[in-house]
Amino acid sequence: MGYVAVTGGQDAIDASIELLREYRSGGKLPVDTEILRDRMKLLIDRVMSEAGLYAPDYAALALKQCEGSTEEAVFLLRAYRSTLSRNYTSRTVHGDEMHIRRRISSAFKDIPGGQMLGPTYDYVHRLLNFSLTEEKEEELQQWRAAFEEKAAQAGEVSLSDTAPRVLDLLRQEGLLEQVQEDRSEPCDVTMENLPLPAPRSAILQTLTRADTGFVSGLAYSDIRGFGMSHPTIGELRYGSLEIEVDYPLEGGGVWYVGEIFVTEVEGLMGARAGGEGIGVGYGCVFGRNDTKAIAMSVLDHALTLSIDSPTSDMEFVLLHGDCLEMNGFISHLKLPHYVTFQSKLDGLRNRKRSLEHEGND
Amino acid sequence: MKETINGSEYNFAFLDEGSKREIRRAILHAIAVPGYQVPFGSRELPIGRGWGTGGIQLTMSLIGPDDILKVIDQGNDDSVNAVSIKRLISATTGVKTTTDAAEADIIQSRHRVPEEPLREDQVLVLQVPTPEPLRSVDAHEAVTRQLHADAEYTGIWVNLFEQLLTRGSPFRGADHPVMTDGRYVMNPSPIPRYDNPKLNQAQCLFLFGAGREKKIYAVPPYTDVKSLAFEDYPFRQEDMSGRKCRLCGAENVYFDEMFDSQTGERFYQCSDTGYCLKRREAQESKEGDKAHG
Amino acid sequence: MDKRTPVMEGKNITVRFGDGCSYCRSHPELEKGRCPVCHTIWGVRDVSFQLYPGEILGIVGESGSGKSTLLKTLYFDQAATSGGAYLSLYQDGQKNILEASSQQKRYLRNHLMGMVYQNPMLGLRMKLSSGSNVAEKLIAAGNRNAGSMIDRSTELLEHVEIPTERMRDQPRVFSGGMQQRVQISKAIANNPPILLLDEVTTGLDLSVQAKVLDLIRSIQEELGIAMMIVSHDLAVIRMMSDRTMVMLGGRVVEEGLTDQILEDPLHEYTQTLVSSLL
């Protein structure tokens, strides 16, 4: 049997792209990127987190462009980012200066500054709400107006919207594992090849940009029995951080350039080998994504252990979770491999012939 | 029987009758072989896996319209997760709920056994995160099933020995494993060791549900349940002596430890909030009687 | 016990990977035990042997000759295709242990046989302290007294020159030689009459090799354990074993007293092996 060489590639591609447009424009209603941005917040958060680019409007645009595929949207944002020059590096942002919207601890009931559930699906019963199919925008807006009024009447919250870290309590008591402070310049894996073994800054950056499902699945395998990093959530907080850059001209000072929303987690676990006290795993991701942030803290900790577990294998964890890399390599399998496969077949046929020959001796 | 939520109709106790019957059959199997983990077709619920779905499925499959339900989380009737579960069950059944352990027919609990001893006509449903006591010995289900079949528990004892050798105590903080009916080593769910002895020769039925791991197991009434311990290190509960509840004055119960971050003062409160409330109500009515008398 | 009653006897043990075909079934002498027609590998082929009380039986052969597969089969890490193994101390030597139930196998592994692997990862639990590694055998034998197990583990580890203060350390932080010594102390924890050793010195420095071999020798003399020692290194076999079997392509091609085999090798392969040693 011979193979027919595939030709006419350009025409096929053009037709395919035309067809994509046809698929994207199905139905009668247009997709408004503003709606995507404001009403599909968690999807936007996920795309920004995996893209490593905080840009809600562009994330919405990307989703519109690719029929809502997170994989493609992340791809679009990453590719776009490559076109931008990096003019500034922000000042270090401290998580304890976060304007908190949600804050919980599974370790302590009472924490200084208090626990605040904030917006969470955790305690929502996941029942399809069929009445939403007939939801009236007007009624919704009325409800919002009433809600805002109620919130205004409740008055200024007496509590400050920032809070000290739960971890500081344990640190003061001397219960945390002692670790060497690392003041070296953080590595940026978008600007240089991931060094191996990777410094912690590279580990954290790689994990926060990694595919949500990959990070969560690996962390699940770890805590279910294949690893040793089952955490108690010391603190999980969600809120906004102010981003500032140094004023570039004579005279100094800082510029406020905007705020970003992040979820930050500190997980309490065992000490690494030879260490004493409570070990800490850290997770921080763009947007509202508790699961990814917690999973990240599990993997951050697992990578400090030298045990025989898939999640403690640095290369296994860090080299396989990037959305672009994993999807790129898997999808490349669809490319023609006619030549390599042909040579594989040839080898197999030769081998079979020679063995038949030997067997007849 | 139908119940309505958000204008949609659901079967009584959410699950369809066929599923409930299947779960009840697994429960009977579990009761017949104490401590044995019966695999079952765990259903998806409107609450997250790992948030008590095993317990909820047990409760849902057992509950009837006249039953009274109590739900607690770490001893607390008002904790968010207990409230969430209670809401789901009462919304889909219309049953009455209570905080009084003595009044409840079914008590669903996460991580505590109530202080008041339960009776023969009561069921305690415990939510289980990790049903497999051998999971730390081998991560593979096929291996741990074989080990149970062979009653081969060396690995668990080795782990306890390791803990003794490296940390000075062979006891786990919570979920300390027990030998049930002299046959199966079982995780009692992450209850404090303080609660372990309550499982032994109890009057009530204990049911354990692990929704994510898809297992049901049971300790029927009047079953021997022995906490694992080396001969020369007898089993020890957490030391609660010298502590007193600052609300109801109870002693010899399991306490939550609290700090006043302002004064740095440390105080104790009953972990079983229903029990604490009941005691305080009794004290108030006694004082009321005195005042009137 | 009669000195001439073997503590272990292997009868026609075969371990095959693949179904075999008419060609390889009728050709016992396959190169590397591999069938050129159906690709079946005859890892161990029709091997019989006797292990006598207190002796050291050496098994030598090149890599892929089936010597380690034979040992792993006897310790149940590898299933046999056919054949049998019998222990005089187990069910009067009547039970084919290769067909034992998982519980029976566990008993045999914990009480009657010890195994020391080339790769310490197979013989030790790297997440546990060395003390617990040794105690595992005691627990498996039914001991539930922690104090007595701590004492016995200390004693066993001292015996192989692991200092008591290293008892709480995990063997993964130990050197290769130390890991092998922990494995040995674990393997003899319940005084088994039989010890199986699979390439235990391979990969160790020469000076460390000598120390480990000395230790094995002294344990053998002290406890009178019968041993089967597998090695590709004829020097190890010469130093340690009373009798030797030479394996090639899954089969035993020659066996006899070690001295005799070294002085007067009959099989062509053994001759090559011996000449390389001199």
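We did not get these values from a lab; they are worked out from the coordinates using the rules stated. It should be emphasised that the depicted structure is a prediction, and the values quoted were computed from it without experimental measurement. Note that we place each Cβ from the backbone using ideal geometry, even for glycine, and neighbour counts take in every protein chain shown.
Once C-alpha pairs closer than 8 Å and six or more residues apart are averaged by separation and normalised to the residue number of the stretch C:1-103, the relative contact order reads 35 percent.
Computed from the C-beta positions of A:Thr162 and A:Arg272 and an R0 of 41 Å, the FRET efficiency is 0.85 to the nearest 0.05. Sequence-distant contacts, meaning Cα pairs under 8 Å at least 6 residues apart, place the relative contact order of chain C at 25 percent. 3J(HN,Hα) couplings calculated from phi for the stretch A:198-205 with the Karplus curve 6.51 cos²θ - 1.76 cosθ + 1.60 (θ = phi - 60°) are, in sequence order, 7, x, 4, 4, 6, 4, 5, 5 Hz; Gly and Pro show x. Ranking of A:Phe286, A:Phe147 by neighbouring Cβ atoms within 10 Å, starting from the fewest: A:Phe147, A:Phe286. Ordering A:His94, C:His111 by the number of other Cβ atoms within 10 Å of each residue's own Cβ, fewest first, gives A:His94, C:His111.
For C:Ile41, the shell of other residues with beta-carbons less than 12 Å away shows a net charge of +2, using +1 for Lys and Arg and -1 for Asp and Glu. Each residue of the stretch A:50-179 gets 241 Å³ once the volume of the Cα convex hull is shared out per residue. Counted by neighbouring Cβ atoms within 10 Å, the residues A:His301, A:His337, A:His125 run from fewest to most as A:His337, A:His125, A:His301.
Rounded to the nearest 5, the antiparallel percentage of DSSP beta bridges internal to the protein assembly as shown is 70%. Note on C:Lys105: lysines with a C-alpha under 17 Å away, same-chain residues under 8 apart excluded, are C:Lys72, C:Lys95, C:Lys137.
Helix A:56-65 and the longest principal axis of the Cα set of chain A meet at an angle near 30°. For B:Asp181, neighbours were defined as the other residues whose beta-carbon sits under 15 Å from its Cβ, and their charges (Lys and Arg +1, Asp and Glu -1) total +1. In this structure, the residue pairs whose Cα-Cα separation is over 29 Å, taken from A:Lys28/A:Lys150; A:Lys136/B:Lys86; A:Lys344/C:Lys32, are A:Lys28/A:Lys150; A:Lys136/B:Lys86.
Helical runs (DSSP H, four residues minimum) scored at -39500 (n - 2.57) apiece and divided by the length of chain C put the mean residue ellipticity at 222 nm at -10500 deg cm²/dmol. Using amide H atoms built in the peptide plane, which far-off residues or other-chain residues are under 5 Å from B:Gln122 H to H? Correct list: B:Leu205. Listed by chain and number, the lysines placed with their C-alpha closer than 18 angstrom to that of B:Lys226 are B:Lys198; residues fewer than eight positions away on the same chain are left out. Straight-distance candidates among the aspartates and glutamates for linking to B:Lys290, with alpha-carbon spacing under 19 Å and chain neighbours fewer than 8 residues away dropped: B:Glu281.
In this simple spin-label model, placing a label point 7 Å from the Cα along the Cα-to-Cβ direction at both B:Arg236 and B:Ala282 gives a separation of 3.1 nm. The calculated FRET efficiency for the pair B:Leu28 and B:Lys2, based on their C-beta separation and a Förster distance of 30 Å, comes to about 0.65. A simple count of charges around A:Leu127, restricted to other residues whose Cβ falls under 13 Å of its Cβ and scoring Lys, Arg +1 and Asp, Glu -1, yields -1. For B:Arg21 and B:Lys96, the FRET efficiency from 1/(1 + (r/R0)^6), where r spans their Cβ atoms and R0 equals 25 Å, is about 0.55.
Based on DSSP H segments of at least four residues, each scored -39500 (n - 2.57), chain B has a per-residue ellipticity at 222 nm of -9000 deg cm²/dmol.
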